[in-house]
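What follows is a single structure, written as structure tokens, with notes after it.
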Amino acid sequence: MKVTAIDLRKIGFFDKFTPGQLETVVSMSSIKEFKVKDILFEQYDELSELFILLEGTLSLGISIAKDKRIHLGTIEEGQLFSWSAVFPPFISTAWVMAITPAKVVAINAKKLNEEIERDCDFGLKALWEIAITLSHRLSDTRFQLMNQLML
């Protein structure tokens with residue numbers, strides 16, 4: 001399914017991007033759909049796409065033993081995930097599963113990285129938003145792990 005600039009304008013991640021920069025993102029993106037209980041990726045998978053949730057709800061967590069999963073948080077509409085696709089070694093630090101039917105914007109990470117290197121303004125905007133996501137995710141993870149330790 002094709003992404004449009006109108007789709008991207010609905011996502012806070014792209015608030016500061018120019019119309020031309022949005023078109024660049026459109027050219028490297030698609031929409032993917034998932035059913036309830038679909039695993040988008042597992043912890044330690046190699047990632048090639050940066051995802052932003054358009055519709056639905058996703059569960060984010062980590063595996064701590066062969067069959068032991070810990071839910072760390074819920075990914076809501078408009079939130080970015082799979083940021084590991086942008087940074088070497090491109091390996092997922094968590095798993096993500098659909099808990100409702102979901103649609104995501106899938107951005108080709110290799111092309112995104114090429115544009116980040118080519119256009120400093122684009123790169124600053126993209127990496128700033130990714131850094132904000134990482135900061136929130138780290139805080140949320142710390143909170144969830146503290147709760148797990150108190151059980």
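The values are calculated or read from the model by the stated rules, or taken from the named source; none is laboratory data. Keep in mind that what you see is a predicted model, and the values were worked out from it rather than measured. No Cβ is skipped: glycine too gets one built from the backbone with ideal geometry, and neighbour counts run over all protein chains shown. Ligands, DNA and RNA are stripped out before the accessible areas are found, and what is left, the full protein with its side chains, is counted by its heavy atoms. Shrake-Rupley method; radii C 1.70, N 1.55, O 1.52, S 1.80 Å.
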| message | How much length would be gained if the chain were fully extended between residue 18 and residue 69, taking 0.36 nm per residue of separation minus their Cα-Cα distance, in nm to one decimal? | response | 14.3 nm
| task | Enter the accessible area per residue of the chain (Å², integer; probe 1.4 Å; all protein chains in place). | result | 56 Å²
| field | Heavy-atom accessible area order for 142, 9, 137, 118, largest first, 1.4 Å probe | value | 118, 142, 9, 137
| If contacts are Cα pairs under 8 angstrom and at least 6 residues apart, what is the relative contact order of the stretch 1-150 in percent? | 29 percent
| message | Give me the one-decimal nm value for the distance between modelled label points at residue 131 and residue 55, 7 Å along each residue's Cα-to-Cβ direction. | response | 3.5 nm
| task | Among the lysines, select those whose C-alpha is under 20 Å from the C-alpha of residue 10, and discard any that sit fewer than 8 residues away in the same chain. | result | 2, 32, 103, 125
| request: Could you pull the accessible area for residue 35 with a 1.4 Å probe, rounded to 10 Å²? | output: 140 Å²
| query | Nearest 0.05, what FRET efficiency do residue 46 and residue 150 give at R0 = 35 Å with Cβ-Cβ as r? | reply | 0.55
| task | Would you please report the Å³ per residue occupied by the convex hull of the alpha carbon atoms in the stretch 3-90? | result | 109 Å³
| query | If the convex hull of the alpha-carbon atoms of the chain is projected onto planes in all directions, what is the mean projected area in square nanometres? | reply | 8.8 nm²
| note | Under the helix-only model (-39500 (n - 2.57) for each DSSP H run of 4 or more, divided by the residues of the chain), the mean residue ellipticity at 222 nm, to 500 deg cm²/dmol, is -11500 deg cm²/dmol
